[in-house]
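The structure under discussion appears below in the form of structure tokens.
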Amino acid sequence: WGCAARRCSSTMIAVLIAHSATVISPGSKVLVVGSGPVCLCAAKLAAVRGFSTTCLVPPGDCELGPGLVSEGGDLGSLPLTFMPVAGPEASEEAIEAAAASAEGLILAIDNEGAFGKPVLETFLQPSSALKRVAVMSRYLNGEGMGFFASAAKTAANKDVWAANAQAVASYKAMEAEVARMSGAAGVEWTVIRAGTLKGGGSGCSGEEGDERSGEPSLLTPAFYELGQQDIVNWRLLYDCSALKVKLVRGDTLPGPGFTAALTATDKVGAGDSHRGAVAAALVEALRSPDAANRDYSVAAEEGREFPGEKEWSHLFEAAH
């Protein structure tokens, strides 16, 4: 009876936490801050979900953003605005206003950079309208990292997450500051962990007669023109075959281990996280009661169907 009572009590506490969590509804203002494709993808998905979205990124991303979000760069009725964080077009007043009015905040950097305390202080202020923040971090547990992951990063794919000590320390410091500042501001937080970021484009979803699949809500085919080009664009192949998502609570997933070199590009392997899935998890965390004040790890799996809104809700509910 004692064990049963404790289990019942734990279940009731979890239900109460979920029902008391603050969620962000479509139409609310969301500020997406960071850089690179994963940040731009999160901004697009936030707008697609109906949030009034401002994407605060470096000038280069402001220039690339419209073309990566919509073919031809015409955003149409999509509620998305790009705002430069630096350069001659940047406005400190506009940035402060966007930060003060946002109810949801997404922080995501595509490379191995973490947000420092001064930047976090700008966006996590007690006097703002902020209710929820979702921040991208990494797998930090160290499993499956080491020599093989580092060698694959050097020889095959610079985006392989090898968990070097300096980066791990920076991410841990960022997570601690986000939790501390969120608590002080009365804001609920979610950490979304990624391993090696791969893919992020729409695959072959817009090509008639192509039997390969893809997800049209992700970045446009212009994504495949970024960076070093191969004879066969492995990122496109990955975006057609690695759309299934695994979401687990905590920092428990391993890196690529000794298979790192074999799975560094188009093959799905341990330690992989699809950019689109990470971006979607960041967006969905803002409106998931289950995600409040918790961390999750995202892994890619072989599959040709990307989760829809209902599937994402279930993924957060079922994660353990």
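The values are calculated or read from the model by the stated rules, or taken from the named source; none is laboratory data. Nothing here was measured: the structure is a model prediction, and the numbers come from that model. Counting neighbours? That spans all protein chains shown, and the Cβs are built from the backbone with ideal geometry, glycine included. Ligands, DNA and RNA are excluded from the accessible area calculation, which covers all protein heavy atoms including side chains. Shrake-Rupley method; radii C 1.70, N 1.55, O 1.52, S 1.80 Å.
Of all residues in segment 165-195, those satisfying the criterion of being loosely packed, with under 14 Cβ neighbours inside 10 Å and either over 20 Å from the mean Cα position of the chain (by Cα) or among the polar types (S, T, N, Q) (or both) are Ala165, Gln166, Gly183, Ala184, Gly186.
Do the conditions hold for Ile109, that is, is it touching a helix residue (DSSP H, G or I) at 6+ places or on another chain (Cβ under 8 Å) and either surrounded by fewer than 24 Cβ atoms within 10 Å (Cβ to Cβ) or among the acidic types (Asp, Glu) (or both)? So Ile109 passes the test. When the residues of segment 82-93 are narrowed to those that are loosely packed, with under 15 Cβ neighbours inside 10 Å and either closer than 17 Å to Val48 by Cα or not hydroxyl-bearing (Ser, Thr, Tyr) (or both), which ends up nearest to the chain's Cα centre (by Cα)? Looking at residues that are loosely packed, with under 15 Cβ neighbours inside 10 Å and either closer than 17 Å to Val48 by Cα or not hydroxyl-bearing (Ser, Thr, Tyr) (or both), I get Ala86. Counted as qualifying within segment 44-141 are the helices (runs of 4 or more DSSP H) with 2 or more residues that are among the hydrophobic types (A, V, I, L, M, F, W, C) and within 30 Å of Gly271 (Cα to Cα), namely 59-69, 117-123. Tell me yes or no: at least one residue of segment 241-264 is touching a Ser or Thr at 6+ places or on another chain (Cβ under 6 Å), farther than 17 Å from Leu40 by Cβ and of a type in the set (Lys, Arg). No.
Taking Tyr224, is it at pLDDT below 95, within 25 Å of Leu107 (Cα to Cα) and hydroxyl-bearing (Ser, Thr, Tyr)? Yes: the conditions hold for Tyr224. Residues that are under 18 Å from the mean Cα position of the chain (by Cα) and modelled with pLDDT under 95: does segment 24-43 have at least one? Yes, there is a match, as at least one residue in segment 24-43 is under 18 Å from the mean Cα position of the chain (by Cα) and modelled with pLDDT under 95. The listed residues are Leu64, Leu107, Leu68, Leu78, and the only one of them that is over 19 Å from the mean Cα position of the chain (by Cα) and under 20 Å from Arg275 (Cβ atoms) turns out to be Leu78. Looking only at segment 3-22, which residues are modelled with pLDDT of 50 or more and either in contact with a strand residue (DSSP E or B) (Cβ under 7 Å, 6 or more places away or on another chain) or open to solvent by less than 40 Å² (accessible area, probe 1.4 Å) (or both)? Within segment 3-22, Ala21, Thr22 meet the criteria. Scanning segment 303-317 for residues that are outside any loop (DSSP other than H, G, I, E, B), in contact (Cβ under 8 Å) with a residue 40 or more places away in the chain and of a type in the set (A, V, I, L, M, F, W, C) gives Leu315, Phe316. Within segment 49-79, the set of residues being without any contact (Cβ under 8 Å) to a residue 40 or more places away in the chain, touching a Phe, Trp or Tyr at 6+ places or on another chain (Cβ under 9 Å) and either surrounded by 17 or more Cβ atoms within 10 Å (Cβ to Cβ) or hydroxyl-bearing (Ser, Thr, Tyr) (or both) comprises Cys55, Val57, Asp61, Cys62, Gly65, Pro66, Pro79. The residues listed here are Lys153, Lys158; of these, the one that is within 30 Å of Gly67 (Cα to Cα) and either in contact with a Pro (Cβ under 6 Å, 6 or more places away or on another chain) or assigned to a loop (DSSP other than H, G, I, E, B) (or both) is Lys158. Kindly indicate whether Gly203 is farther than 24 Å from Leu247 by Cβ, open to solvent by less than 60 Å² (accessible area, probe 1.4 Å) and small (Gly, Ala, Ser). Considered against the rule, which asks whether it is farther than 24 Å from Leu247 by Cβ, open to solvent by less than 60 Å² (accessible area, probe 1.4 Å) and small (Gly, Ala, Ser), Gly203 comes out as no. Strands (runs of 3 or more DSSP E) fully within segment 222-302 that include at least 1 residues being buried (at least 23 other Cβ atoms within 10 Å of the Cβ) and of a type in the set (Asp, Glu): 272-274. If you take the residues in segment 129-145 that are open to solvent by 10 Å² or more (accessible area, probe 1.4 Å) and among the charged types (D, E, K, R), which one is nearest to Pro256 (Cα to Cα)? The selected residue is Glu143.
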